[in-house]
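The values are calculated or read from the model by the stated rules, or taken from the named source; none is laboratory data. Since this is a predicted model, take the numbers as computed values, not measurements. Cβ: placed from backbone, ideal geometry, glycine included. Neighbour counts: every protein chain shown.
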Amino acid sequence: MKVNGKIILLQKDINLFDFLINNNYEISKIAVELNKKIIVKAEFKNIALNDSDSLEIVTFVGGG
Amino acid sequence: MHITLNGKRAVTTAKSVSELKEFLRIEKDSVFIINGFQTDKNLILSEKDSIVIIKKGVTPSKDEFESMISARHTPQVYEKLKKAKVAVAGLGGLGSNIAVMLARTGIGHLLLVDFDTVEPSNLNRQHYFTRDLSMPKTEALKKQIYEINPFITTETKNVYVDEKNIEDLFLGYEIICEAFDNPEIKAVLVNTVLNKMPEVKVVAASGMAGYFSSNSIKTEKKMKNLYVCGDFTNGSKQGTGLMSPRVQICAGHQANMIVRLLLGIEEV
C-alpha cells in the first residue's frame, strides 16, 4: 500500500481506523484521502485497506 | 497611438517616455510607472501601454486614485484579481497578515471570519495595533483594509466556525484560506469543505512555530483541492511560541498560492 507516497506492506487485514491508530495518528487532527477520494471520519472503521490502495494523510499541528 | 493614462484611455503623439513627460509638463520628482514597472529611463512607448503618473503631494481624483494604487501590478493580472473573491477563516497571525497581503494585491472582495477580539498577546505576530485592543478582529481588519485600499469590499462574520455552519458561512466562495490556530478546527474546516463543497479549494497551514529555518516552510499540494503551507512539524507548544517571522513566511506562502490559484495556476 502507498502511504504519503511511500510503499509499505500491510501485515494483516486491517481497517482504516485501526491503521491510523496503530500508526499514532490523532484522528481529530487529520484529513485522509484514499485512492484520491476524501474519506469522512465516520467511515474509517468501515473501510478495509489492501495493498493496492493509495493513502494520503495530512496532519495539522497547532499555530496560526 | 492609444495608451491608458492613469486608468483612462488616451491618444498621444509622443513616441517615448521623455516626449510624454514634456508634453504633459510632468515635474521631475513624479513617479512614472509603465506596464507595472516604475522607471526613470526614456523608454519607447508602444500601442496599448498602460501608464500611471503620480505627482507627489497632489491628491488624486477617485478614478485616478484606483489606477495609482494598482499601478505596480502587471495590468492584466490586476484586472483578474479585482474580480476575485476569497474567504479567510481565522484572523490571527496567519489570517490577518494574509488578508492584508490579499488586499494590497488587489483581490476585489474578501470574507473575513473570526469569533475573537484583539488582545495584547496577539500583537507579537498578528496584523493589529494597540488602538484595536478589545475590538472584534473582523472589524479591526475591515477598517485596516479600507485604509489600505478603499476599492476593496469586505464582508465580515463574527462567529465561531464549526462543522455545522461551514457550508453556510462560505457559500459562494471558491477559495477558502484556512488560518486557524487550533489543529482540530483546522481539520474540521478542511474535512468539511473537501467533503461537502467539492468545487472549493482550501489553502491551509500546518507548522510555523518557533525560529527554525525559514527554508523549512513550503507549499505542498496534498489533495486535489487541498494545498498546505508550513513545515508540517513544528506546532506551537510550551517552549515553542509563535513568532512573527515564521508566521509571516507561512502567511506569504498561503497568500501567494491563493493568488496563483486565482490566476489559474494549480501547481505550487
Quiz item: What is the number of the single condition among (1) of a type in the set (Asp, Glu); (2) within 14 Å of chain A (Cβ to nearest Cβ); (3) over 26 Å from B:Phe170 (Cα atoms) that B:Asp116 does not meet?
Solution: (3)
Quiz item: Between a first residue in segment B:31-45 that is closer than 15 Å to B:Arg72 by Cβ and a second residue that is exposed (fewer than 12 other Cβ atoms within 10 Å of the Cβ) and of a type in the set (Asp, Glu), which pairs have beta carbons less than 8 Å apart while being 6 or more apart in sequence or on different chains?
Solution: B:Phe32/B:Asp40
Quiz item: So which residues in segment B:237-268 are over 23 Å from A:Asn4 (Cβ atoms), touching a residue at least 12 places away in the same chain (Cβ under 8 Å) and assigned to a loop (DSSP other than H, G, I, E, B)?
Solution: B:Gly241, B:Leu242, B:Met243, B:Leu263
Self-check item: Long-range neighbours under 7 Å by Cβ, at least six apart or interchain, first residue within 9 Å of chain A (Cβ to nearest Cβ) within segment B:189-203, second assigned to a helix (DSSP H, G or I) and surrounded by fewer than 18 Cβ atoms within 10 Å (Cβ to Cβ)
Solution: none
Quiz item: Hey, does segment B:206-222 have a residue that's buried (at least 21 other Cβ atoms within 10 Å of the Cβ), over 19 Å from the mean Cα position of the chain (by Cα) and among the polar types (S, T, N, Q)?
Solution: yes
Practice problem: Could you grab me the full set of residues in segment A:37-54 that are farther than 14 Å from A:Ile7 by Cα and hydrophobic (A, V, I, L, M, F, W, C)? | Solution: A:Ile38, A:Ile39, A:Val40, A:Ala42, A:Phe44, A:Ile47, A:Ala48
Quiz prompt | Condition check for B:Cys229: crowded, with 17+ Cβ neighbours inside 10 Å and either assigned to a strand (DSSP E or B) or modelled with pLDDT under 95 (or both) | solution = yes
Self-check item: Answer residue from segment B:224-244, given it is hydrophobic (A, V, I, L, M, F, W, C) and more than 9 Å from chain A (Cβ to nearest Cβ) and is farthest from B:Cys177 (Cα to Cα) among those
Solution: B:Met243
Self-check item: Residues of segment B:166-188 classified as over 26 Å from B:Gly264 (Cβ atoms), acidic (Asp, Glu) and more than 7 Å from every other protein chain (Cβ to nearest Cβ), total
Solution: 1
Quiz item: Of all residues in segment B:72-88, how many are more than 14 Å from the chain's Cα centre (by Cα) and either closer than 30 Å to B:Ser206 by Cα or without any contact (Cβ under 8 Å) to a residue 40 or more places away in the chain (or both)?
Solution: 4
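Can you tell me which residue is nearest to B:Val268 (Cα to Cα) among those in segment B:204-223 that are at the interface with chain A (Cβ under 8 Å from one of its Cβ atoms) and not in a strand (DSSP E or B)? Steps first, please.
First, pick out the residues of segment B:204-223 that are at the interface with chain A (Cβ under 8 Å from one of its Cβ atoms): B:204-209, B:222-223.
Restricting the remaining residues to those that are not in a strand (DSSP E or B) gives B:206-209.
Numbers: B:Ser206: 16, B:Gly207: 17, B:Met208: 18, B:Ala209: 22 Å.
Selected residue: B:Ser206.
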Exercise. Find the residue count for segment B:71-112, including only residues that are among the polar types (S, T, N, Q) and within 14 Å of chain A (Cβ to nearest Cβ).
Key: 2
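Residues checked against (1) touching a residue at least 60 places away in the same chain (Cβ under 8 Å); (2) within 23 Å of B:Pro183 (Cβ to Cβ); (3) among the basic types (Lys, Arg); (4) in a strand (DSSP E or B):
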| position | (1), (2), (3), (4) |
| --- | --- |
| A:Leu9 | no, no, no, no |
| A:Lys12 | no, no, yes, no |
| A:Phe17 | no, yes, no, no |
| A:Leu20 | no, yes, no, no |
| A:Tyr25 | no, yes, no, no |
| A:Glu33 | no, yes, no, yes |
| A:Phe44 | no, yes, no, no |
| A:Ser52 | no, no, no, no |
| A:Ile57 | no, yes, no, yes |
Quiz item: Identify, please: which residue in segment B:138-158 is aliphatic (A, V, I, L, M) and touching a Ser or Thr at 6+ places or on another chain (Cβ under 9 Å) and is, among those, surrounded by the most Cβ atoms within 10 Å (Cβ to Cβ)?
Solution: B:Leu141
Practice problem: Go through (1) outside any loop (DSSP other than H, G, I, E, B); (2) over 16 Å from the mean Cα position of the chain (by Cα); (3) farther than 19 Å from B:Ala204 by Cβ and name the single condition B:Gly172 misses. | Solution: (1)
